[in-house]
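Worksheet for the structure shown next.
Rule-based calculations on the coordinates, nothing more; no lab input. Keep in mind that what you see is a predicted model, and the values were worked out from it rather than measured. We place every Cβ from the backbone using ideal geometry, glycine too, and count neighbours over all the protein chains shown.
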Amino acid sequence: MNLKLFISDLDGTILETEDYHRLAYNALFNELGLKQTWSKQDYVARLQTMGGNKFREIFEWMKLPEDEYRETKVQLYQRKTELYVELITRDLGNGTLGLRPGIVRFFTEVMEAGIPTAIATACVGWAAEKVVEAALGEQFLDSLAAFCGGESTPRHKPAPDIYLLAAKRASVPTSACAVLEDTSHGMRAAKDAGMICVVTPSEFAKDHDFTHADLVLEDLETPMPFTVEGMASLF
């Protein structure tokens, strides 16, 4: 089997958590005493046009001196991330948030086949680890061949850096890696890293262009269960 390393994204791929970022921002606005809220449409527009610069907009709402921007941005990011983790772990605990279809089955099949697994996510490492542990358990987290959070590389997806790093940390050539993603940015990162990429589009990525993906599925159970053998056949 040519498949030597399976790498998964986190947000939108393992769990449908993209909207939890929006909810965390809105909770942050409330804590700051701001009247603004972001609807799903508002948030998707910012994902498309602003990248990671959403904190500039928030800072301007706060009407603080410009020389406080850098420190304030760090504080806002830290608190927003804490809220994101709190919301997800709460809803995983009470059963209102579940893993995407087929994730547990497929990840188990990968492990039983003896194929190392890695996580490569734009989410900051400490937060991503808490979410993965809450979703899949401490044993799964400890079994990973590599765990790369958003701070692991200076360039984020769609740059291939984080996938190249995951392969390097697992000591596996990029040509032997397969990636599970949910967005076009993630797909581009995986393909530019020279890897196989299977996409299960998340809620906010349904309209993305996945032309260059090796396979696009609604989820890992639809239209039929996707297997390790199916992923290996893409090489």
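Things to note:
- Globularity index of region 18-94, i.e. its alpha-carbon radius of gyration over 2.2 N^0.38 Å: 1.11
- Counting other Cβ atoms within 10 Å as a rough exposure proxy, the listed residues HIS208, HIS156 run HIS156, HIS208 from fewest neighbours to most.
- Lys/Arg +1, Asp/Glu -1 at C-beta; the chain dipole; positive extreme among VAL110, VAL228, VAL132: VAL132
- Integer Hz, Karplus 6.51/-1.76/1.60 couplings in order for region 194-209, x for Gly and Pro: x, 10, 5, 9, 9, 10, 10, x, 8, 3, 8, 10, 4, 9, 5, 8
- Hypothetical label at GLU57: residues of region 15-48 whose amide nitrogen lies under 11 Å (7 Å Cα-Cβ projection): 37-48
- Whole-angstrom Cα spans of region 79-216 along principal axes, big to small: 39, 35, 30
- Only helices enter the 222 nm calculation for the chain: every DSSP H run of n ≥ 4 contributes -39,500 (n - 2.57), and dividing by all residues gives -14000 deg cm²/dmol, rounded to 500.
- From the coordinates shown, volume of the Cα convex hull per residue in Å³ corresponds to which of [x] 223; [y] 157; [z] 123: [z]
- Cross-link partners for LYS157 among the aspartates and glutamates, with Cα-Cα distance under 17 Å and sequence neighbours closer than 8 places in the same chain left out: ASP9, ASP11, GLU18, GLU181, ASP182, ASP192, ASP209.
- Going by neighbour counts of Cβ atoms within 10 Å, the residues ILE7, ILE103, ILE162, ILE58 line up, fewest first, as ILE58, ILE103, ILE162, ILE7.
- Loop-located trypsin sites (Lys or Arg not before Pro) in region 175-235, at most 14 other Cβ atoms within 10 Å (DSSP): LYS206
- Taking other C-beta atoms within 10 angstrom as a stand-in for reagent exposure, CYS177, CYS123 fall in the order CYS123, CYS177, fewest first.
- Straight-line reach from LYS63: taking Cα to Cα under 18 Å and skipping same-chain neighbours fewer than 8 places apart, the lysines in range are LYS35, LYS54, LYS73.
- The mean sequence separation of alpha-carbon pairs under 8 Å and at least six residues apart, normalised by the residue count of the chain, gives a relative contact order of 26 percent.
- Axial C-alpha extent at least 27 Å, average Kyte-Doolittle at least 1.6 - helices from the chain (DSSP): none
- Aspartates and glutamates with Cα under 16 Å of LYS4, excluding same-chain neighbours fewer than 8 positions away: GLU109, GLU112, GLU229
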